[in-house]
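The values are calculated or read from the model by the stated rules, or taken from the named source; none is laboratory data. Note that the coordinates shown come from a computational prediction; the quantities given were computed from them, not determined experimentally. Note that each Cβ is placed from the backbone with ideal geometry, even for glycine, and that neighbours are counted across all protein chains shown.
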Amino acid sequence: MPEHTILIVDDEPTNLAILTTLLQPYYRVRAANSGRRCLVAAQPPRTPDLILLDVMMPEMNGYDVLRELRAEPATRDIPVLFVTALDDEADEELGLELGAADYLTKPIRPGILLARVRTQLDAKCGRDFLRDRNTLLEEEVARRMRENDLTQLVSIRALAHLAETRDPETGNHILRTQAYVHLLATALRRHPRFSDVLTPRYCDLLTKSAPLHDIGKVGIPDAILLKPDRLTEAEWMVMKTHARLGVEAIEKAEADIDMPLDFLVLAKQIAHWHHEKWDGSGYPNGLAGEAIPVAARFMALADVFDALISVRVYKPAMSCEAARDIIVAGRGRHFDPDVADAFLANFEEFARIAERHHDSST
């Protein structure tokens with residue numbers, strides 16, 4: 001059975017008959033005797049591989065037909081070969097400018113016609129092959145990117161849950177703090193102090209990295225991490241080392257790969273400095289103000305708010321409203337003032353996140 005379909009368009013029955021006789025031994029041939037019928041016949045699902053189009057037709061000439069074919073996404077890529085009695089160079093130039101693939105003048109010479117048709121069909125096959133190959137490559141790249149993103153997400157969550165197993169009372173702390181950080185980034189992405197930093201990619205990486213903020217707790221002894229009473233000064237000094245242990249763990253993992261990963265840069269910032277305070281009284285380095293990375297500033301507020309509203313072995317949960325008052329009181333001392341303002345403006349959504357991912361024991 002012929003592989004290709006050709007649509008012949010001519011208002012003269014004799015011309016249709018001649019072209020059909022010449023082409024039918026090699027191709028599936030369809031015919032239309034007007035420009036309007038051509039436009040209908042060219043639509044999916046019966047889109048032809050090539051159109052032989054007469055120029056001089058009543059009501060709608062070939063140039064008008066070609067303009068409409070090129071204006072429609074479903075037909076714009078069909079090669080069109082003009083077949084006409086016009087032999088003026090200006091007519092040929094116009095047809096080619098409008099997007100015709102070739103231009104044949106009547107009377108038709110069978111050998112020339114078949115050669116030109118074969119050339120156009122071969123070219124179309126090549127274009128279709130490249131298009132399909134590119135589509136497959138794009139789909140494969142997209143699939144691998146989704147797979148990599150999923151692998152990255154699962155790896156982050158696995159590491160974060162490993163730390164969480166050391167402290168079973170944290171429950172859904174990872175999910176809540178991740179959502180809080182995302183909310184803050186979204187709220188501040190157009191703020192003049194943050195707009196240059198909070199690009200869509202940064203916000204995505206920030207959200208992905210947030211669960212690793214307490215990964216260093218895996219290195220804290222149970223006697224300190226799970227102690228039901230207040231820590232002694234010496235124990236508190238050990239507890240504070242989880243910031244250093246966290247960044248060191250990520251750095252060791254990073255050393256095993258050949259290229260830097262952007263999300264690990266933010267993960268290190270969050271793990272290392274999310275206990276720093278705006279006034280410089282935090283740990284481990286006593287950073288202050290803008291010296292504290294943006295990611296760590298967001299996590300600082302998210303982590304404190306969630307700790308306040310959560311049950312711990314040494315304290316009951318606090319209401320969201322009471323925690324809000326503490327956050328507001330820490331504006332400009334513990335927290336970046338603009339980050340605290342964004343929290344206050346979006347407090348109801350913070351409360352909804354806390355409810356949505358609440359711990360069953362609270």
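For residues that are more than 31 Å from the chain's Cα centre (by Cα) and among the small types (G, A, S), scanning just region 265-290, find the one that is nearest to L212 (Cα to Cα).
Residues of region 265-290 that are more than 31 Å from the chain's Cα centre (by Cα), as a first pass: 275-289.
If we keep only those that are among the small types (G, A, S) too, we end up with 280-282, 286, 288-289.
Working: G280: 23, S281: 23, G282: 19, G286: 21, A288: 22, G289: 23 Å.
Checking each candidate, the answer is G282.
Taking only region 24-47 into account, find how many residues are in a helix (DSSP H, G or I) and either among the hydroxyl-bearing types (S, T, Y) or over 23 Å from Y63 (Cβ atoms) (or both).
Initially, region 24-47 is screened for residues in a helix (DSSP H, G or I), giving 35-41.
If we keep only those that are either among the hydroxyl-bearing types (S, T, Y) or over 23 Å from Y63 (Cβ atoms) (or both) too, we end up with none.
The qualifying residues number 0.
Right, L184: more than 16 Å from H274 (Cα to Cα) and either modelled with pLDDT of 85 or more or assigned by TED's automatic domain parsing to the domain that holds L344 (or both) or not? Before the answer, list the steps.
Values: more than 16 Å from H274 (Cα to Cα): no; either modelled with pLDDT of 85 or more or assigned by TED's automatic domain parsing to the domain that holds L344 (or both): yes.
In short, no.
Here are some conditions: (1) more than 23 Å from R67 (Cα to Cα); (2) assigned to a helix (DSSP H, G or I). A123 meets all but one. Which one does it not meet?
(1)
Per-residue answers, yes or no, for (1) over 45 Å from the mean Cα position of the chain (by Cα); (2) of a type outside the set (S, T, N, Q):
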site	(1), (2)
A42	no, yes
P48	no, yes
L53	no, yes
L69	no, yes
T75	no, no
I78	no, yes
L81	no, yes
A85	yes, yes
E89	yes, yes
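Can you find, within region 194-219, the residue that is farthest from the chain's Cα centre (by Cα) among those that are surrounded by fewer than 18 Cβ atoms within 10 Å (Cβ to Cβ) and part of a helix (DSSP H, G or I)? Walk me through it before giving the result.
Going residue by residue through region 194-219, those that are surrounded by fewer than 18 Cβ atoms within 10 Å (Cβ to Cβ) are 195-197, 199-201, 204, 219.
Subset that is part of a helix (DSSP H, G or I): 200-201, 204, 219.
Numbers: P200: 10, R201: 9, D204: 10, G219: 36 Å.
By that ranking, first place goes to G219.
Which count do you get for residues in region 48-61 that are under 17 Å from V117 (Cβ atoms) and assigned to a loop (DSSP other than H, G, I, E, B)?
Kept after step one, since they are under 17 Å from V117 (Cβ atoms), are these residues of region 48-61: 48-54.
Next cut, assigned to a loop (DSSP other than H, G, I, E, B) only: 48-49.
Here the count works out to 2.
Assuming E349 fulfils every condition listed in (1) of a type outside the set (K, R); (2) crowded, with 20+ Cβ neighbours inside 10 Å; (3) touching a residue at least 24 places away in the same chain (Cβ under 8 Å) apart from one, which condition is it?
Among (1) of a type outside the set (K, R); (2) crowded, with 20+ Cβ neighbours inside 10 Å; (3) touching a residue at least 24 places away in the same chain (Cβ under 8 Å), the lone unmet condition for E349 is (2).
All but one of (1) under 23 Å from A185 (Cβ atoms); (2) part of a helix (DSSP H, G or I) hold for R333; state the number of the condition that does not hold.
Unmet for R333, out of (1) under 23 Å from A185 (Cβ atoms); (2) part of a helix (DSSP H, G or I): (2).
Taking region 265-288, which residues are within 16 Å of K217 (Cα to Cα), without any contact (Cβ under 8 Å) to a residue 40 or more places away in the chain and part of a loop (DSSP other than H, G, I, E, B)?
H275
Can you tell me which residue is surrounded by the most Cβ atoms within 10 Å (Cβ to Cβ) among those in region 62-118 that are aromatic (F, W, Y) and part of a strand (DSSP E or B)?
Within region 62-118, the subset aromatic (F, W, Y) is 63, 82, 103.
Restricting the remaining residues to those that are part of a strand (DSSP E or B) gives 82, 103.
Details: F82: 25, Y103: 20.
The qualifying residue surrounded by the most Cβ atoms within 10 Å (Cβ to Cβ) is F82.
How many of the residues in region 231-264 are within 21 Å of P211 (Cα to Cα), assigned to a helix (DSSP H, G or I) and either aromatic (F, W, Y) or free of Cβ contacts under 8 Å to residues at least 40 places away in the same chain (or both)?
Of the residues in that region, 14 qualify.
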